[in-house]
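These notes concern the structure reproduced below.
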Amino acid sequence: MSDIHSDATGEGSGGGPRTTALDAVHRALGATMTDFAGWDMPLRYGSERDEHVAVRTRAGLFDLSHMGEITVAGPQAGELLDYALVGSLSRLAVGRARYTMICDASGGILDDLIVYRTGEETYMVVANAANAQTVLDALRERGSGFADAQVRDDRDSYALIAVQGPEAAAILSGKHSLKGLTDADLDGLKYYAGLPGEVAGCEALIARTGYTGEDGFELFVSPADAVTVWEALTEAGKPAGLVPCGLSCRDTLRLEAGMPLYGHELTTRTTPFDAGMGRIVKFGKSTNDGAFVGREPLEAAAAQAEEAPPRKLVGLIAEGRRVPRAGYEVVSADGSVIGEVTSGAPSPTLGKPIAIAYVDPAYAEPGTEGVAVDIRGRHEPYEVVALPFYKRQR
């Protein structure tokens, strides 16, 4: 595969979906491609179940170059992000990352994000592909009052490659012949941390983050280096059973791990408190006199979540074999609608269909009886469980 090289992302012929720097690699591997948020991305390379199991038991290699990188820099960068996002990013240490959200003025979620502090005055905000432009526009608009902060669109500056699974650290540490990090480097790279380094001789921001529920790393590299890094990881990962993985198994992996997906569990109609993630909203910020976009409605949402939440996010495990999908109604024993499925799929790890759903709080307690999902007119029984469905052994 060494003859496959690309220097940048681009549009497909006729102005179609954008392609990543690894597009030719995916096609050479026989990937099934799909249009995802305006990008031509690999859905699977073979069996999505086999790819899922590989990540749970060995390691998987993902192209995530469709994600949107936005740099915020300058003496007021932290203050801008404190105002624009729900978290307290000015307090984030250099070299660390934080999961957060950007909300609209009414407290609805515009996107969930990971923010990396890459320097004293520099942050990288990583947005979901479908929302990257929305996030960029919002940061620029909200940054208008911060003269000493700049917002830069860096989506074309990075390719993003992820190695996820229990063998990920061994692959990156060089145990499998990759010119990469040392064991000491990895010992110092905690979960939700990132450091600059080299992978296969190429400069990279190496972050211990992911969206699978497994240990893993996300590597931000130049698009010109993407093929070199992918091929080096592929070769180094062979002894560990590393396989290329598409977006399909990434969805079932995150679903088992109880991780929310924008457009499903998270929308502009939900607040972080609706999604059970109120802990990421920081009302005690020391900058901007504590002001941030959406503060007042989020304070009201916090109070409501404490006193009488209108709905709660739960896990559902099927007693049968029929698979629920987003939008299906959750019903009680008497047929009353008590909620709605936001995500559902067969779980390769559990061997049963699973779902995440918003339900009436009266039915949210694990073990609640009489709960079913209306699947094409049939009420299929489901067990209510706490999220996540799967948690790795540390």
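Going through Pro272, Pro239, Pro309, Pro223 one at a time, which residue ends up being in contact (Cβ under 8 Å) with a residue 40 or more places away in the chain, under 24 Å from the mean Cα position of the chain (by Cα) and either over 22 Å from Asp23 (Cβ atoms) or exposed (fewer than 15 other Cβ atoms within 10 Å of the Cβ) (or both)?
Values: Pro239 fails: under 24 Å from the mean Cα position of the chain (by Cα); Pro309 fails: under 24 Å from the mean Cα position of the chain (by Cα); Pro223 fails: either over 22 Å from Asp23 (Cβ atoms) or exposed (fewer than 15 other Cβ atoms within 10 Å of the Cβ) (or both).
The match here is Pro272.
Residue-wise test of (1) of a type in the set (Val, Ile, Thr); (2) closer than 30 Å to Glu51 by Cα.
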{"residue": "Arg279", "(1), (2)": "no, no"}
{"residue": "Arg295", "(1), (2)": "no, no"}
{"residue": "Pro310", "(1), (2)": "no, no"}
{"residue": "Asp334", "(1), (2)": "no, no"}
{"residue": "Thr342", "(1), (2)": "yes, yes"}
{"residue": "Glu380", "(1), (2)": "no, yes"}
{"residue": "Arg392", "(1), (2)": "no, yes"}
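If we scan region 183-196, do we find a residue that is open to solvent by 30 Å² or more (accessible area, probe 1.4 Å), of a type in the set (Asp, Glu) and either modelled with pLDDT of 95 or more or in contact with a Pro (Cβ under 9 Å, 6 or more places away or on another chain) (or both)? There is no residue in region 183-196 that is open to solvent by 30 Å² or more (accessible area, probe 1.4 Å), of a type in the set (Asp, Glu) and either modelled with pLDDT of 95 or more or in contact with a Pro (Cβ under 9 Å, 6 or more places away or on another chain) (or both). Residues in region 331-376 that are open to solvent by less than 40 Å² (accessible area, probe 1.4 Å) and basic (Lys, Arg): none.
Only one of the numbered conditions (1) surrounded by fewer than 20 Cβ atoms within 10 Å (Cβ to Cβ); (2) at pLDDT 95 or above is violated by Gly15, and that is (2). Select from region 97-133 the residues that are assigned to a helix (DSSP H, G or I) and either farther than 15 Å from Val72 by Cα or out of contact with any strand residue (DSSP E or B) (no Cβ under 6 Å at 6 or more places or on another chain) (or both) and list them in ascending order. The answer is Ala129, Ala130, Asn131, Gln133. Report whether or not Val86 is on the phi < 0 side of the Ramachandran plot, open to solvent by 10 Å² or more (accessible area, probe 1.4 Å), among the β-branched types (Val, Ile, Thr) and outside any strand (DSSP E or B). So Val86 fails the test.
Before we move on, is Thr234 open to solvent by 40 Å² or more (accessible area, probe 1.4 Å), over 25 Å from Met101 (Cα atoms) and of a type in the set (S, T, N, Q)?
Values: open to solvent by 40 Å² or more (accessible area, probe 1.4 Å): yes; over 25 Å from Met101 (Cα atoms): yes; of a type in the set (S, T, N, Q): yes.
Yes; evaluated as a whole, the condition is true for this residue.
Taking every residue in region 43-70 that is hydroxyl-bearing (Ser, Thr, Tyr) and pairing it with any residue that is outside any loop (DSSP other than H, G, I, E, B), at least 6 positions away or on another chain, the pairs with Cβ-Cβ distances below 6 Å are Tyr45/Pro244; Ser65/Ala159; Ser65/Leu160. Could you check, for region 372-385, whether at least one of its residues is in contact with a helix residue (DSSP H, G or I) (Cβ under 6 Å, 6 or more places away or on another chain), modelled with pLDDT of 95 or more and assigned to a strand (DSSP E or B)? Looking for residues that are in contact with a helix residue (DSSP H, G or I) (Cβ under 6 Å, 6 or more places away or on another chain), modelled with pLDDT of 95 or more and assigned to a strand (DSSP E or B), one finds none in region 372-385, hence no.
Just for region 35-83: of the residues that are part of a strand (DSSP E or B) and among the small types (Gly, Ala, Ser), which one is surrounded by the fewest Cβ atoms within 10 Å (Cβ to Cβ)? I'd like the intermediate steps shown before the answer.
We begin by selecting, within region 35-83, every residue part of a strand (DSSP E or B); these are 35-36, 39-44, 60-63, 68-73.
Add one more test, that the residue is among the small types (Gly, Ala, Ser), and what stays is 60, 68, 73.
Numbers: Gly60: 30, Gly68: 24, Ala73: 18.
Restricting to residues being part of a strand (DSSP E or B) and among the small types (Gly, Ala, Ser), the top hit is Ala73.
The values are calculated or read from the model by the stated rules, or taken from the named source; none is laboratory data. These numbers were taken from a predicted model, which means no experiment stands behind them. Neighbour counts run over all protein chains shown; Cβ positions are idealised from the backbone, glycine included. Heavy atoms of the whole protein, side chains included, go into the accessibility calculation; ligands, DNA and RNA do not. Shrake-Rupley method; radii C 1.70, N 1.55, O 1.52, S 1.80 Å.
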